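The values are calculated or read from the model by the stated rules, or taken from the named source; none is laboratory data. Remember, it's a predicted structure, so these values are computed and weren't measured experimentally. Here the Cβ positions follow ideal geometry from the backbone for every residue, glycine too, while neighbour counts run over all protein chains shown.
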Amino acid sequence: MITQLSHVSIFVLNQDSAYDFYVNKLGFKVHTDAPMGPGMRWLTVCTPEQPELEITLMPIEDGMMFKDGAAEQMRELVKKGTFGFGVFECNDLNATYEEMKAKGIVFKKPPTKEFYGYEALFVDDSGNWFSLGQKK
Amino acid sequence: MRIPMKSDFPKIYIYKRIVQAKLFIDTHFDDCIDLNNIADEAYFSKFHFIRLFKTIYGKTPHQYLTKVRIENAIRLLQKGMSVTDVSFFVGFTSVSSFTDLFKRYTKMSPSAYQRQFMEKQEQIKTDPLQFIPACFAEQKGWTQKSNFQ
């Protein structure tokens, strides 16, 4: 029986820039930052109230995960804003939206009342987009 | 044409000012700021400001300021700064009040936290695979120690 999700990956164009975005702008906590040899790094972060779920900031690089030009294709898709990797929650959407905007974060959609709830859509430094909802 | 009333805009206007005050705390936590400074920043009366801030962030401005100071203390302890230096650097006026509040937030003393963090960093350095799911390590070609050392 599956009991929980421990790791989830976000594919990023540049790990240093993603660190700045997720840690310094979004306020996520660094869970593990392990240098793995020249040019390689295992970097996971977590939201302040969900330390048990590690979000892996996974660089898109040629290697065993991306073979035969797949890395370049993936980078292009991410840049184009193809992927929406998840839904984040906050306590107050209007306040969080204003704060993120003040920090220069780009929104595809401002807080909007939809039939399914109140949500905004923001984009990370790579081009991945996320829904941001308000805790019910 | 109807002239817009003040009540057409209140929410976003208030949010902007409260968020501004929150960002003020985030960037001036190490200064000797008090509630009046923060309320001034938001152009509110002190009591109106406390009520609105708590409604939005679930904490009074003072509780939030303490939280920001402790979080920054954690960041500095992780960099190896001494407990005494950290306590003054983040805006506390006494080491003992810093230590008490730190314990209340993290359930351990600043020095115990620093020791535990440094031990984890040492483990990450010597045995990083302990912290990486095997499937990812395999895909990255890190399963042989010689690949990353």
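Please verify whether B:Tyr15 is at pLDDT below 80 and surrounded by 10 or more Cβ atoms within 10 Å (Cβ to Cβ), treating the condition exactly as stated. It is false that B:Tyr15 is at pLDDT below 80 and surrounded by 10 or more Cβ atoms within 10 Å (Cβ to Cβ). Within region A:106-136, the residues that satisfy the criterion of being under 20 Å from A:Val78 (Cβ atoms) and assigned to a strand (DSSP E or B) are A:Val106, A:Phe107, A:Lys108, A:Lys109, A:Leu121, A:Phe122, A:Val123, A:Trp129, A:Phe130, A:Ser131, A:Leu132.
Looking only at residues that are over 20 Å from A:Thr47 (Cβ atoms) and among the polar types (S, T, N, Q) in region A:71-104, which one is farthest from the other protein chains (Cβ to nearest Cβ)? The selected residue is A:Thr82.
If the condition is being of a type in the set (Ser, Thr, Tyr) and either modelled with pLDDT under 95 or touching a Lys or Arg at 6+ places or on another chain (Cβ under 9 Å) (or both), then region A:33-49 contributes only A:Thr47.
Restrict the check to region A:91-102 and report whether at least one residue is of a type outside the set (Asp, Glu) and over 24 Å from B:Ile18 (Cβ atoms).
No: region A:91-102 contains no residue that is of a type outside the set (Asp, Glu) and over 24 Å from B:Ile18 (Cβ atoms).
Contact map, region A:58-73: residues that are within 23 Å of A:Asp33 (Cα to Cα) paired with residues that are modelled with pLDDT of 90 or more and among the β-branched types (Val, Ile, Thr), Cβ distance under 7 Å, separation 6+ or inter-chain. Pairs shown: A:Met58/A:Ile10; A:Met58/A:Val12; A:Pro59/A:Val12; A:Ile60/A:Val78; A:Phe66/A:Ile60; A:Ala71/A:Ile60. Looking across region A:1-26, the residues that are within 13 Å of chain B (Cβ to nearest Cβ) and over 12 Å from the mean Cα position of the chain (by Cα) come down to A:Leu5, A:Ser6, A:His7, A:Asn24.
Looking at B:Thr126, B:Thr143, just one residue is without any contact (Cβ under 8 Å) to a residue 40 or more places away in the chain, farther than 24 Å from A:Ile55 by Cβ, within 14 Å of chain A (Cβ to nearest Cβ) and more than 18 Å from the chain's Cα centre (by Cα), and that residue is B:Thr126.
Looking at region B:82-108 only, could you name the residues that are in a loop (DSSP other than H, G, I, E, B), under 17 Å from the mean Cα position of the chain (by Cα) and surrounded by 13 or more Cβ atoms within 10 Å (Cβ to Cβ)?
B:Val90, B:Gly91, B:Phe92, B:Met108
How many of the residues making up region B:40-90 are within 30 Å of B:Lys11 (Cα to Cα) and out of contact with any Asp or Glu (no Cβ under 7 Å at 6 or more places or on another chain)?
Just the residues of region B:40-90 that are within 30 Å of B:Lys11 (Cα to Cα), to begin with: B:40-69, B:71.
With out of contact with any Asp or Glu (no Cβ under 7 Å at 6 or more places or on another chain) added as a condition, the list becomes B:40-55, B:57-67, B:69, B:71.
The number of residues fulfilling the criteria is 29.
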